[in-house]
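In what follows, a single structure is set out as structure tokens and then discussed.
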Amino acid sequence: MSISSSLGAPSILTGVSMLSTSDVRSGFYLFPCISHSSHELGLISWALLAKETAADPSLYKLLKLTEDATQSFDRSDLNLTTYWAIHESIYTHEGVLMNQDRVVIIPLSLRNRILQHLHAAHQGISTMEQRARSIVYWPGMSKDIKKARDSCADCNRNAPSQAATTPISSPPPATPFEAVFADFFDHGGHHYLVVGDRLSGWVEVLGSKAGTNLAGAVGLIRHLRAFFATFGVPEELSSDGGPKLTAGRTEAFLKLWGVRHRISSAYFPQSNGRAEVAVKTAKRLLMSNTGPSGNLDDDRFLRAILQLRNTPDADCNISPAQIIFGRPIRDTLSFVNKLEKFSNPH
Ligand SMILES: [Zn+2]
């Protein structure tokens, strides 16, 4: 549940529209096999994995071979030769082939779709690989990940989505949401507050339509209240010092709640940390998911932000969701949450 929906605060879901043709033309979609309809996000469930495994001649053969202890792996079989290196660590679970510690072997028919989900938040090659390696496997996966990133027109047109994380100038926080980074901006006729947690990189996006009584500092404060209600009041909120964030009304609100406001100047790029990178990425997701009218295609944005929260940090290899919830949150790779429910037999 999002902060906004749980608290009745203004929601980013206002003014939802279907994908515009310019979005399609701009090449946001990497893989034509996925429907553009927001009703078909290409969710990958366990049942789908099992169905496609059974329909994949190589994997079906491998499945039968793995389940039948009397048969041995035929290295000369061309269908199986690419799995020789890992054949001793392969096992099956409810019709799906697994490798090592609950890594799912993906049938050919679903690989593009997996890549699309992994890149939903325009992650870089290394972060896509980090998440991929812990949940999925297929021969040549690294090469395919690189190809997927390289063929993304949106990434090639914009700056890299995952700028290198540089050390934070202030001491790192000890707990989640004690220090956050916020950005408040207008885009496509909406006001957006994007807040990132310095420790985990968890990012929240709250929005309201411009021209309403929620414009300006009033809207910003309302978003901050909703955010504080869910995640607690931070000790420190840093921002680049935009006019709404430094407005008297906002400063008074922060003072009331004992929040220190630190202006992290754009002139000191060394102050950029995990939260700033997360906020920048979320901001870019918003831009990529809104058409010329400023309307937001909510399911695509939801898919992207879920991927962002499940993408491990390049330095510590833990995702924001793992830091906050201790596990991945359910996203379009919905089979992942089943993995935790059975133990690794190897
Ligand atoms: Zn991209």
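The values are calculated or read from the model by the stated rules, or taken from the named source; none is laboratory data. Quick caveat: nothing in here was measured; it's all calculated off a predicted structure. Here Cβ is always computed from backbone atoms with ideal geometry, including for glycine, and neighbour counts include all displayed protein chains.
Looking at (1) at pLDDT 95 or above; (2) more than 16 Å from the ligand (Cβ to nearest atom); (3) more than 23 Å from Asp315 (Cα to Cα), can you tell me which one His39 breaks?
(1)
Of the residues that make up the stretch 306-323, is at least one in a helix (DSSP H, G or I), at pLDDT 85 or above and over 10 Å from the mean Cα position of the chain (by Cα)?
Taking the stretch 306-323 and keeping what is in a helix (DSSP H, G or I), we get 306-310, 320-323.
Now drop any that are not at pLDDT 85 or above, which leaves 306-310, 320-323.
Checking which are over 10 Å from the mean Cα position of the chain (by Cα) leaves us with 322-323.
So far as the stretch 306-323 goes, yes, one or more of its residues are in a helix (DSSP H, G or I), at pLDDT 85 or above and over 10 Å from the mean Cα position of the chain (by Cα).
Restricting attention to the stretch 314-346, report how many residues are surrounded by 13 or more Cβ atoms within 10 Å (Cβ to Cβ) and either in contact with a Pro (Cβ under 8 Å, 6 or more places away or on another chain) or closer than 16 Å to Trp46 by Cβ (or both).
Selection size over the stretch 314-346: 17.
Among the residues of the stretch 185-201, write down those that are modelled with pLDDT of 90 or more and in contact with a strand residue (DSSP E or B) (Cβ under 8 Å, 6 or more places away or on another chain). If you could, list the steps in order and put the result at the bottom.
Looking only at the stretch 185-201, we keep the residues that are modelled with pLDDT of 90 or more, and these are 193-201.
Those that are modelled with pLDDT of 90 or more and in contact with a strand residue (DSSP E or B) (Cβ under 8 Å, 6 or more places away or on another chain): Leu193, Val194, Val195, Gly196, Asp197, Arg198, Leu199.
Taking the stretch 222-235, which residues are modelled with pLDDT under 95 and within 18 Å of Glu276 (Cβ to Cβ)?
Residues satisfying the conditions do not exist here.
Which of the residues that make up the stretch 87-140 are charged (D, E, K, R) and under 14 Å from the mean Cα position of the chain (by Cα)? If you could, list the steps in order and put the result at the bottom.
If we filter the stretch 87-140 for residues that are charged (D, E, K, R), which is where we start, we get 88, 94, 101-102, 111, 113, 129, 131, 133.
The answer is Glu129, Arg131.
Pairs please, first residue from the stretch 214-230 and closer than 10 Å to Thr250 by Cα, second anywhere and in a helix (DSSP H, G or I) and among the charged types (D, E, K, R), Cβ atoms under 8 Å, 6+ apart in sequence or on different chains.
Once the first residue is closer than 10 Å to Thr250 by Cα and sits in the stretch 214-230, its partners that are in a helix (DSSP H, G or I) and among the charged types (D, E, K, R) give Ala217/Arg249; Val218/Arg249; Ile221/Arg249.
State all residues of the stretch 202-216 that are more than 16 Å from Met287 (Cβ to Cβ) and at pLDDT 90 or above; if no residue qualifies, say none.
Listed by number, the residues that qualify are Trp202, Glu204.
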